[in-house]
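Read the figures in this text as sums done on the coordinates, not as results from a lab. These numbers were taken from a predicted model, which means no experiment stands behind them.
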Amino acid sequence: MGELRERRPTTWRRALAVAALALALAALLNAEGMHKSATSQDAGVKAGRLDGGDRGASRRQPCRLPRSAAPVAEERGRAGGRRSDRRGHHGSRPRPRLASVCTRARSADARRTDDGETEARAPGAAEACIHRAAAAAAWVAGDSLAEVPGLAIVRATGDNRALATVGDRVRTRVGTGLGRPDIYNWFAAIAEATREYRPHVVVIGLGGNDFHSYMSGVPEGVEIGKFPTPSWMREYRRRVRILLDSVTGLGADVVWLGLPKPDSPNMWPRFTALNALIRAEVGKRSKRAAFLDSYVVLAGKRGRYAEYLPDASGKLEKVRADDGLHLAPASGDRLARAFVELLEERMTSRVGGRAAAAEPR
């Protein structure tokens, strides 16, 4: 046989290779813009099934608040053909296997390097490790207080094998909550997204707009008093219970972001009452749900409201917005780190100082 000679690629092959590389690089650099565009769309436009299927419509969702979450889980089993394992195995999603992978909760102050990688500029960016080979898929939903930590979770989980975000990744709606499903029906939206995206973890940040006395969707024949009378709290507890049971019934775990302490002394007692109610309901489902206390993560000295907190290097960084309520990007990074550490704690068990993969949900 004759000696084999190396053949050089022809000019058109080289051109195709260069074009493919350029397209891949362009897609990578434009990923954050694509995410921003996706998160700014209205849920009714992105999920047409929630508003009748008209992607161009901006109509409000009908108020459909079920008395029980059981029909939601049963419907998924019939229609989707992927009945959820009660231990949380999502259809074809793989069971977690032991592997140590670290994720970085990066600051919003980041830049793209020449090779397309994202580099954090802020010192002391937090790191935490997840012991899992198959990525844990997360999806974030909530009001305006959930937006900053949600985007921070995307930054923290977007470039590693341990965690991932799915679907539209972060869905937030200003001025919404569980009290007014006639304005935005989170019960339907979260159930639909859980069915469609099949996340392992749904991160919920709701309650910041729910301390008003009026609630829509109250069952016929039921009367409620003003916030926070026992009848009002009883109805709100029912809604929290429905939402938690709906998500866990569809096979996902829940991490509920607690309300942070605001600068207003009049608002904090209201937030405290809602936090206590939500924490109690989450605690009843501790195998499938966890409460992430934003107050503890963002509190200053002696538990006071703090606009600035020291970073890992001791330098003060702004953690709250100027309105005294919403969050600055640095606080999102702190909550993202706490979220990652919470998942690590729940997903792993330590035996003899070594991390072992925990039984999946």
Legend entry - Binned Cα-Cα distances of the stretch 259-333, short to long, each 10 Å bin given as a whole percent: 18, 45, 28, 9
Inset, instruction - Classify the stretch 238-303 as rounded, prolate or oblate, taking a ≥ b ≥ c as the square roots of the eigenvalues of its Cα gyration tensor: rounded when a/c is under 1.5, otherwise prolate if a/b is larger than b/c and oblate if not. - result: prolate
Legend entry - Per-bin percent of Cα-Cα distances, the stretch 164-287 [5 Å]: 2, 10, 21, 23, 21, 14, 7, 2, 0
Inset, instruction - May I ask for the distance between the Cα centers of the stretch 231-270 and the stretch 289-332, given as a whole number of Å? - result: 20
Inset, instruction - Show the residues, 5+ positions off or on another chain, whose built amide H is closer than 5 Å to the amide H of Asp253. - result: Val201, Val202
